[in-house]
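Bear in mind these aren't lab numbers, they're just calculated from the coordinates by the rules spelled out. This is a predicted model, so every value here is computed, not measured. Neighbour counts are summed over all protein chains in view; Cβ atoms, including those assigned to glycine, are modelled from backbone coordinates with ideal geometry.
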Amino acid sequence: MQYELPSGPATGPATVTVSQLLRNVRDLLERRFPLMWVRGELSNLSRAPSGHCYFTLKDDGAQVDCVMFKSRFAALDWEPANGAQVEARALVSLYEPRGRFQLTVEARNTFPVESVHSPALAKLSAPSTTTPGPCAWITNGVPAAPEAGTVTCSR
């Protein structure tokens, strides 16, 4: 898709304002990149007084600024945290007042714990070399049929 700037006098193209230029770029981005799922790590997570959530989504090679508006953020069924691996359903856009490329996030999913922490889970799932104690189920898994009817946990 090619966008043509309006023509001006015979000497060359017309001059456009910064607002016009950025509006055209935003329109091009939003038409070219439909709503899509983008995978990465959350960082720089912050909540604005407006209730909107701002964060960076990054991987080993790049990062992009993101916004999730208050109503979408309120609909999440989990608490986002820096370092979480997520998939974000987002629209590529340009925030015109600052001329900043960003993703407008509609929804987020966390990755299954197994895919994010597989080395740690493998270590926890390995057979224990210690004598089983009261918390043996933590490393050996929850027993199919508990031996007692009471479980007490403390910090």
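Tabulated data
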{"read-out": "Burial ordering of THR104, THR15, fewest other beta-carbon atoms within 10 Å first", "value": "THR15, THR104"}
{"read-out": "Sorted by Cβ density within 10 Å, fewest first, the residues GLU30, GLU79", "value": "GLU79, GLU30"}
{"read-out": "Under 5 Å, built H, 5+ apart or other chain: amide partners of ARG108", "value": "ARG89"}
{"read-out": "Dipole of the stretch 18-114, positive direction: furthest Cα of ALA75, PRO97, SER19, with charges on the beta-carbon", "value": "SER19"}
{"read-out": "LEU35/ALA14 FRET efficiency (R0 22 Å; Cβ-Cβ; nearest 0.05)", "value": "0.10"}
{"read-out": "Separation in nanometres of the label points that stand 7 Å from Cα toward Cβ, at GLN63 and ALA75", "value": "2.8"}
{"read-out": "For the stretch 92-109, 3J(HN,Hα) per residue [Karplus equation, 6.51 cos²θ - 1.76 cosθ + 1.60, θ = phi - 60°, Hz, x = Gly/Pro]", "value": "6, 8, 9, 7, 4, x, 10, x, 10, 5, 7, 10, 9, 8, 8, 7, 9, 10"}
{"read-out": "Exposure proxy ranking, count of Cβ atoms within 10 Å, fewest first, for LEU45, LEU103, LEU35", "value": "LEU35, LEU45, LEU103"}
